[in-house]
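Everything on this sheet refers to the single structure shown next.
The values are calculated or read from the model by the stated rules, or taken from the named source; none is laboratory data. Every value quoted in this text rests on a predicted model; they were computed, and no experiment measured them. FYI the Cβ positions are ideal-geometry reconstructions off the backbone, even for glycines, and counts take in every protein chain you see.
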Amino acid sequence: MSLDYSVVIPAYNAAGTLGEAIRSILAQTLPPDAIIVVDDGSTDDTAAVATAFGSPVTVVRQHNQGPGAATTAGFREVATPYFATLDADDVWLPPKMEVQAARLVGSPDITAAFSLARQFKDGETPDPHVGPEYRLWTRTTMVLKTESARQVGDFHDFPGRLGELVDWLGRSRDLGHRHVMVEEVLAMRRVRAGSLSHSIDATRARGYLVAVHQAMKRRQARQAGPDDEGSPV
């Protein structure tokens with residue numbers, strides 16, 4: 001099995017975890033062509049950690065704009081037929097890309113593949129055999145066909161800097177793209193105080209609500225059809 005793919009890692013103040021994330025990519029049984037780390041205006045040593053790996057890691061730096069903008073910046077650097085994404089505080093298990101490649105290659109009806117994952121607490125050694133399994137429809141397990149992804153366009157940031165992937169995947173499905181879940185634990189998600197997914201209060205949850213609202217508006221527009229647009233109520 002072979003697969004030409006790049007990995008995009010949006011990173012903000014991730015110096016403490018980014019090295020482990022990159023090492024988990026380099027340990028893949030199916031190695032990447034490129035790793036693109038987008039330093040989203042970090043104030044710590046995130047860029048230095050990434051640069052220390054040398055080739056095949058490329059570092060893109062920008063002012064702090066959010067995970068959606070950072071993912072977009074990395075995506076624009078992708079030059080391979082496939083690409084994957086990984087949050088800077090999570091890790092992959094060694095066979096991840098090989099297993100997902102087997103599902104994607106030769107399947108023209110599939111645009112994206114995700115996988116199961118388990119969680120581990122920050123400071124602990126990830127154990128892929130302990131704990132409940134999660135169907136992780138997130139950046140950490142996502143693998144995409146680049147041509148199809150470009151049809152969807154940029155990742156948009158929302159209030160609280162949450163919801164950008166919910167919105168993007170919804171827009172992808174609107175185009176008829178098919179996303180599948182590989183029912184195998186292939187990644188580990190770090191539980192860390194201060195991370196975007198650790199605690200979601202009402203203010204930050206608004207990002208998800210806005211993303212869902214945008215999806216509803218798109219659906220209503222499709223159901224209305226061109227003949228109904230602009231008609232009086």
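Residues that are assigned to a helix (DSSP H, G or I) and more than 29 Å from residue 99 (Cα to Cα) within region 16-62 comprise 46, 47, 48, listed in sequence order.
Of 41, 66, all but one fail to be touching a Lys or Arg at 6+ places or on another chain (Cβ under 6 Å) and not aliphatic (A, V, I, L, M); the exception is 66. Quickly run through region 132-189 and pick out the residues that are surrounded by fewer than 19 Cβ atoms within 10 Å (Cβ to Cβ), basic (Lys, Arg) and in a loop (DSSP other than H, G, I, E, B). Of everything in region 132-189, just one residue is surrounded by fewer than 19 Cβ atoms within 10 Å (Cβ to Cβ), basic (Lys, Arg) and in a loop (DSSP other than H, G, I, E, B), namely 178. Within the option set 78, 37, being of a type outside the set (Gly, Ala, Ser), farther than 21 Å from residue 147 by Cβ, in contact (Cβ under 8 Å) with a residue 12 or more places away in the chain and crowded, with 20+ Cβ neighbours inside 10 Å holds for one residue only, 37. The residue list 77, 124 contains one member that is modelled with pLDDT of 95 or more and part of a loop (DSSP other than H, G, I, E, B), which is 77.
In this structure, residue 106 does not qualify as of a type in the set (Gly, Ala, Ser), in a loop (DSSP other than H, G, I, E, B), farther than 26 Å from residue 59 by Cβ and at pLDDT 95 or above.
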